[in-house]
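FYI, it's all coordinate maths here, none of it is from the lab. Source: prediction; values computed, not measured. A quick note on method: Cβ atoms are made from the backbone with ideal geometry, for glycine too, and the neighbour counts reach across all protein chains shown.
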Amino acid sequence: GKGQMEAELNLTPGTHTVTADYSGSAHFAPALASTTQSVGKVSTTTGLVAAPSSVNFGQSVQLTATVTPGSTGLGAPTGTVTFTDGSTTLGQVVVGASGTNGTANLVVTLPGGTHAIKATYSGSSAFSGSASSASTVTVAKLATTITAQAALVRLLPPLALPLGQLKATLN
């Protein structure tokens with residue numbers, strides 16, 4: 001009959017050569033066999049929340065990225081998250097564990113206008129990288145007022161040339 005032996009191996013992502021070496025017995029000759037086993041990285045998805053999504057110029061926005069692994073067997077993802085506004089990098093943050101997910105937070109102050117913010121997870125030796133969809137943040141410009149004061153005109157002797165001043169105040 002055949003003898004069968006099973007072993008469970010916890011292999012890291014990458015390509016591994018697994019070798020079985022049977023030392024033999026009084027009735028059976030020794031044997032050696034090898035196989036190649038490829039182990040893929042755990043997939044991830046990255047989500048992004050920007051709060052609040054609408055602010056006035058000068059106010060802060062909290063960016064929170066959550067990296068969710070496709071399998072929780074290896075724990076929470078590690079690595080970094082890079083936050084971008086279009087092609088501009090806002091910051092890079094180390095991922096911390098939050099249960100089986102990874103999280104990264106960044107507080108930013110943005111210029112006036114509409115911004116498309118993304119979070120991109122770098123990946124690690126065990127987890128694949130991923131990127132969030134864009135979150136829109138709208139920053140309203142501050143209101144301004146301009147006030148003009150009455151002109152002051154004087155005639156200067158001896159030529160009687162007019163000299164004037166106009167004052168305006170911008171708030």
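Brief remarks on what is shown
- FRET efficiency, 1/(1 + (r/R0)^6) with R0 30 Å, evaluated for residue 105 and residue 143 via beta carbons: 0.45
- Remark on residue 127: its backbone amide H falls under 5 Å from those of 42, a criterion applied only to residues 5 or more positions apart or on other chains, H modelled at 1.01 Å from N.
- For a paramagnetic label modelled on residue 54 (point 7 Å from Cα along Cα→Cβ), amide N atoms under 12 Å away belong, within the range 107-148, to 137-140.
- FRET efficiency for the pair residue 21 and residue 133, taken as 1/(1 + (r/R0)^6) with r the Cβ-Cβ distance and R0 = 45 Å, rounds to 0.35.
- Along the range 47-55 the Karplus relation, 6.51 cos²θ - 1.76 cosθ + 1.60 evaluated at θ = phi - 60°, assigns HN-Hα couplings of x, 9, 10, 10, 9, x, 8, 9, 9 Hz to successive residues, with x for each Gly and Pro.
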